[in-house]
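S.K.: Quick one: the structure is below, questions incoming.
The values are calculated or read from the model by the stated rules, or taken from the named source; none is laboratory data. Quick caveat: nothing in here was measured; it's all calculated off a predicted structure. Quick reminder, even Gly has a Cβ in these numbers, built from the backbone with ideal geometry, and neighbours come from all protein chains shown.
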Amino acid sequence: MSLLAPWMLAVAALAGAAGLVGYRLLDRQRTAALAAAGLVGARAHRLRHLPYLLLWLGVVTLFAALARPVGTVAVPRLSSTVVLAIDVSSSMTAGDVAPDRLGAARAAARELVDAQPAGVDIGVVTFGEGALAAQLPTSDRDAVRRAVDRVSAGGGTSLGEAVVASLGMITGQPVTLPAPGDPVPDLGRWETASVVVISDGEQTSAVDPLAAADLAAAAGVRIETLGIGTAAGTVIEVDGYRIATRLDEARLEALAESTGGGYHRAGEDGGVANVVDALGARFRLEDEEVELTAVVAGLAVLLLTAGGLVMIARTGRVL
């Protein structure tokens, strides 16, 4: 507890002392007047002091409020930025889930958007061989939904580029992976941000996704992964070639766990809901200084009101 105007406590103490002295003098005069009128003891009940005590406490508390007390309270902070990184590689055209992987990814993304509280900004990154910012973080849910609906599939897959682009969106600055052996660059701490990678987990790029995840972990950004597809997989045709594709859960699990996040599978009971819970669980208590003047002033008003009501009830008047 601290005070922004501590000198007002001295004023409160002086006002309180003056009130006590003044009340004692008035009470003695009243007692003497009653004695002179032959009414000694007629108003000797101690409760006669109660309304004056409440009024005195109210005035002193009001002066104390002017000292502007400040208290430190623990305030819960929720993840303030969520980036949805959606896989748009050719493998997302596979039909092992209905209507296809990309359609399932869109549905999962929309469900995640709808579940986020109003205080969370949402951005969208689409990634294939490279990654693009489809929607900067915004509180406009309609804009995010439109960005999700616009995605189309084609090309290879780079989970590492998806993470790097998401970090750039979160930090608002270009982010690149350090060369092997170089120290991890300092991106600052972004512990209220999360990335949700929605993908089948297949990787065709040389960019190491775990190196990108280490960069995210160093910045305090947690990655949650949502798997799209089946472990059995299927065969798709790309440029005249038949290619086998399947859900790589192990890769998605490793990507998430390296940042303290978790892997979840879309289509399973609670799959998307578990991601929502994981994002919502990023509450953390943060000490924050809050001015308590209004609280103390409110207490003073209550004391003054109580004193006035007791006075009216006992005497039919105030003062």
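S.K.: What tally of residues in segment 219-229 results from selecting those that are out of contact with any Leu (no Cβ under 6 Å at 6 or more places or on another chain) and part of a loop (DSSP other than H, G, I, E, B)?
M.R.: Of the residues in that region, 3 qualify.
S.K.: As an exercise: evaluate residue 213 against (1) of a type in the set (A, V, I, L, M, F, W, C); (2) over 18 Å from residue 101 (Cβ atoms); (3) over 35 Å from the mean Cα position of the chain (by Cα) and give the number of the one condition it does not meet.
M.R.: With respect to (1) of a type in the set (A, V, I, L, M, F, W, C); (2) over 18 Å from residue 101 (Cβ atoms); (3) over 35 Å from the mean Cα position of the chain (by Cα), residue 213 is out only on (3).
S.K.: Here is a check on your reading of the model: is residue 253 acidic (Asp, Glu) and in a helix (DSSP H, G or I)? Before you say what the answer is, go through the steps one by one.
M.R.: Numbers: acidic (Asp, Glu): yes; in a helix (DSSP H, G or I): yes.
The answer is yes for residue 253.
S.K.: Given the conditions (1) at pLDDT 85 or above; (2) surrounded by fewer than 11 Cβ atoms within 10 Å (Cβ to Cβ), and given that residue 82 satisfies all but one, which numbered condition is not satisfied?
M.R.: The single condition residue 82 does not satisfy is (2).
S.K.: State whether the residues of segment 184-204 include one that is of a type in the set (A, V, I, L, M, F, W, C) and free of Cβ contacts under 8 Å to residues at least 24 places away in the same chain.
M.R.: Restricting attention to segment 184-204, the residues satisfying the condition of being of a type in the set (A, V, I, L, M, F, W, C) are 184, 187, 190, 193, 195-198.
Keeping just the survivors that are free of Cβ contacts under 8 Å to residues at least 24 places away in the same chain gives none.
The answer is no, given that none of the residues of segment 184-204 is of a type in the set (A, V, I, L, M, F, W, C) and free of Cβ contacts under 8 Å to residues at least 24 places away in the same chain.
S.K.: In segment 166-218, what residues are surrounded by 22 or more Cβ atoms within 10 Å (Cβ to Cβ) and either β-branched (Val, Ile, Thr) or not in a helix (DSSP H, G or I) (or both)?
M.R.: 170, 193, 194, 195, 196, 197, 198, 199, 200, 201, 202
Yes/no matrix, rows are residues, columns are (1) at pLDDT below 90; (2) of a type in the set (Lys, Arg); (3) in contact with a helix residue (DSSP H, G or I) (Cβ under 8 Å, 6 or more places away or on another chain); (4) not assigned by TED's automatic domain parsing to the domain that holds residue 132:
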| residue | (1), (2), (3), (4) |
| --- | --- |
| 196 | no, no, yes, no |
| 206 | yes, no, no, no |
| 227 | no, no, yes, no |
| 230 | no, no, no, no |
| 241 | yes, no, no, no |
| 248 | no, no, no, no |
| 253 | no, no, no, no |
| 258 | no, no, yes, no |
| 263 | no, no, yes, no |
